[in-house]
Amino acid sequence: MRLIRLEVKMRETRTLSLRLPLEEYIAFDAVCREKGYSKTGKIREFIRNMDKEEIESVKISANEWAEIEKGIMEIQKGEYVTFEELKRDLKNQKVADNKNRK
């Protein structure tokens, strides 16, 4: 089995580890390479699509719904950063942290 590590970074980070039988991993990897997909991106896409289709049938608290709706509104207003911007900002922060250590 292969281990795929996913990180979704917005306000907080959670790591999702996925174990697949070798045959499934090889097939998934082959499709992603052939189509030019990022493995992490395709798994995120699957999760987002599943969330859109099934979230209404899930029982969650009023506070959780409020946070979800708040996040959706922020995205609709354009209050988010792209993955590339996030990577750049984290890299700049790391460089700044290293300079402050000297």
query: What residue, among those in the stretch 9-29 that are outside any helix (DSSP H, G or I) and among the aliphatic types (A, V, I, L, M), is farthest from Glu85 (Cα to Cα)?
result: Leu20
- request: Scan the stretch 54-65 and give yes if some residue there is surrounded by 10 or more Cβ atoms within 10 Å (Cβ to Cβ) and in a loop (DSSP other than H, G, I, E, B), otherwise no.
  value: yes
task: Check whether at least one residue in the stretch 67-87 is at pLDDT 85 or above, surrounded by 10 or more Cβ atoms within 10 Å (Cβ to Cβ) and part of a strand (DSSP E or B), and report yes or no.
output: no
- prompt: When only residues in the stretch 24-53 that are farther than 20 Å from Ile72 by Cβ and hydrophobic (A, V, I, L, M, F, W, C) count, which is surrounded by the fewest Cβ atoms within 10 Å (Cβ to Cβ)?
  reply: Ala30
Residue in the stretch 30-38 that is of a type outside the set (D, E, K, R), assigned to a helix (DSSP H, G or I), modelled with pLDDT of 90 or more and in contact with a strand residue (DSSP E or B) (Cβ under 6 Å, 6 or more places away or on another chain) present: no
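The values are calculated or read from the model by the stated rules, or taken from the named source; none is laboratory data. What you are looking at is a predicted structure, and each value in this text was computed from that prediction instead of being measured. Cβ coordinates were reconstructed from backbone atoms using ideal geometry, including for glycine residues, and neighbour counts include every protein chain displayed.
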